[in-house]
Amino acid sequence: MEEKTTNFQAFDEIDTPSMDFIKDCVHCGFCLSACPTYLETGNELDSPRGRIYLMKSALEGKIPMGGSLVKHLDMCLGCMACEPACPSGVDYSRLIEAARSQIERRYERPITDKLQRAILFSIFPYPKRLRFLLPFLYLYQATGLRRLVESTGILLKLSKKLATMDLMLPQINSSNLFSSMPNFMPAKGTKRHRVATLTGCVQSILFPKTNEATIRVLSENGCEVIVPGNQGCCGALSLHSGRISEARNFARSNIDVFEKHGVDTIIVNSAGCGSAMKEYGEILKDDPNYANRAEKISQKTKDVMEFLSEIGLSGELKRLKCRVTYQDACHIAHAQRIKIQPREIIKQIPGIEFVEMPESELCCGSAGIYNLIEPEMSEKLLNRKIENLKETNAELLVAGNPGCLLQIQKGIKQEGLNIKTVHPIELLDWAYKGEYI
């Protein structure tokens, strides 16, 4: 009597993980020591090759949508640390994005998870909606209501995810409420380049000083800077969470905006945003109206530290006496392969004592919205990061991503450490102005 086998249909034909990419994996295990979640759990299915095995099983109809497939793919940070470690060149980012798109469209999540994700994706990619919330967040903090809520522990009793969202809130100042960006900044001295800047969603609302510092430093280095006023979300949060169709729509809108300005380079100061814009050519390769245009935008996109390293710093950098360490934001170090350039620039600032942080390349647990939807694993990775940070005795931690800065600020606050966090472009801005804030 023949044994009956079940042929599951976990995936459909829309944005399916490539079996050719899956076959590139030779199961050598080099990715294991690079994967933060595997280092924490020791579970093979929480490693890149384990997740690739699950994708292959799903494509072959051996496992259903749900269960281990969703659990272990959700646990992935999407940090891409496995890619530089892989001798076979497995394109894991394409695999995890495609697999997550299947989950987002085909898996029925619990109602609380669906609601949380719906709220996050209806707010974070939309700067105008974030700005609308700012006065309420300001009052929540300024009136002492936040301290009262935290002292009662009520949020933790209601939901760990809700408590994590509260802890991740940065300090909202009155300057956040009234910040604005000029649409144009002339180059200082001889014009060397004409560039445009992506202002970002979270970056523009919660970290306006980073954007302001970016255009000042670019101007100082001979760049005529355009800041398109009608730009929108780059699509990074959507792309890295499996909402690929939504990401494509954001990409098309931004392509329409940026290509009008005829700039040499598009400057990005947020790790995930830069990584996503460099993927425009890939995610829109099958769109006849946008494929070529998307590829041109991708080729023009550069991280701000990558760009400054290429053109070389100009102007006088004044002395800043402080001990600095650097956190490799995952989508700069692993996805964009930019590691040396930020360090070299920081070291050019007179008076800086630069010290490497142990495991600086290991994810801090932020990873877009990961710290909000997977708070337990995120907290483990943050604790590991803070222990490594303590070893540096640094006064200042520098990172090129707003999510990393928020996450690490949270850990510093919890430990009561006297360490400031800042974007490297702000450190450069201080050096040009001769102010250590």
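Looking at ALA329, ALA247, ALA236, ALA294, which one is touching a Cys at 6+ places or on another chain (Cβ under 6 Å) and more than 30 Å from ILE352 (Cα to Cα)? Steps first, answer last, please.
Details: ALA329 fails: more than 30 Å from ILE352 (Cα to Cα); ALA247 fails: touching a Cys at 6+ places or on another chain (Cβ under 6 Å); ALA294 fails: touching a Cys at 6+ places or on another chain (Cβ under 6 Å).
Just one listed residue meets the conditions, ALA236.
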Checklist entry - Which members of the range 100-125 meet the condition of being within 24 Å of the chain's Cα centre (by Cα) and among the hydrophobic types (A, V, I, L, M, F, W, C)? => result ILE103, LEU115, ALA118, ILE119, LEU120, PHE121, ILE123, PHE124
Checklist entry - Going through the range 344-369 one residue at a time, which ones are within 19 Å of the chain's Cα centre (by Cα) and closer than 21 Å to LYS390 by Cβ? => result GLU359, SER360, GLU361, LEU362, CYS363, CYS364, GLY365, SER366
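For the range 2-49, enumerate the residues that are closer than 16 Å to CYS76 by Cα, buried (at least 17 other Cβ atoms within 10 Å of the Cβ) and either among the hydroxyl-bearing types (Ser, Thr, Tyr) or out of contact with any His (no Cβ under 7 Å at 6 or more places or on another chain) (or both). Don't jump to the end; show me each part of the working.
Residues of the range 2-49 that are closer than 16 Å to CYS76 by Cα, as a first pass: 17, 31-49.
Pick out the ones that are also buried (at least 17 other Cβ atoms within 10 Å of the Cβ) and you get 17, 31-32, 34-39, 45-49.
Hits for the range 2-49 are PRO17, CYS31, LEU32, ALA34, CYS35, PRO36, THR37, TYR38, LEU39, SER47, PRO48.
Scan the range 206-221 and give yes if some residue there is on the phi > 0 side of the Ramachandran plot, surrounded by fewer than 24 Cβ atoms within 10 Å (Cβ to Cβ), over 16 Å from the mean Cα position of the chain (by Cα) and not aliphatic (A, V, I, L, M), otherwise no.
Keep residues of the range 206-221 that are on the phi > 0 side of the Ramachandran plot, which gives none.
Within the range 206-221, none of the residues are on the phi > 0 side of the Ramachandran plot, surrounded by fewer than 24 Cβ atoms within 10 Å (Cβ to Cβ), over 16 Å from the mean Cα position of the chain (by Cα) and not aliphatic (A, V, I, L, M).
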Checklist entry - Is at least one residue of the range 67-80 surrounded by fewer than 19 Cβ atoms within 10 Å (Cβ to Cβ), in contact with a Phe, Trp or Tyr (Cβ under 8 Å, 6 or more places away or on another chain) and on the phi < 0 side of the Ramachandran plot? => result no
Item to check | ALA99, sole failed condition from (1) surrounded by fewer than 18 Cβ atoms within 10 Å (Cβ to Cβ); (2) closer than 25 Å to SER18 by Cα | outcome: (1)
Checklist entry - within 13 Å of VAL268 (Cα to Cα) and either of a type in the set (Gly, Ala, Ser) or in contact (Cβ under 8 Å) with a residue 60 or more places away in the chain (or both): does that describe SER180? => result no
Item to check | Given (1) farther than 22 Å from ASN371 by Cα; (2) without any contact (Cβ under 8 Å) to a residue 12 or more places away in the chain; (3) not polar (S, T, N, Q), index of the condition CYS31 fails | outcome: (2)
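Read-outs throughout are calculated quantities, based only on the coordinates presented, and are distinct from any laboratory measurement. All values reported here derive from a predicted model rather than from experimental measurement. All Cβ positions, glycine included, derive from the backbone under ideal geometry; neighbour counts span all protein chains shown.
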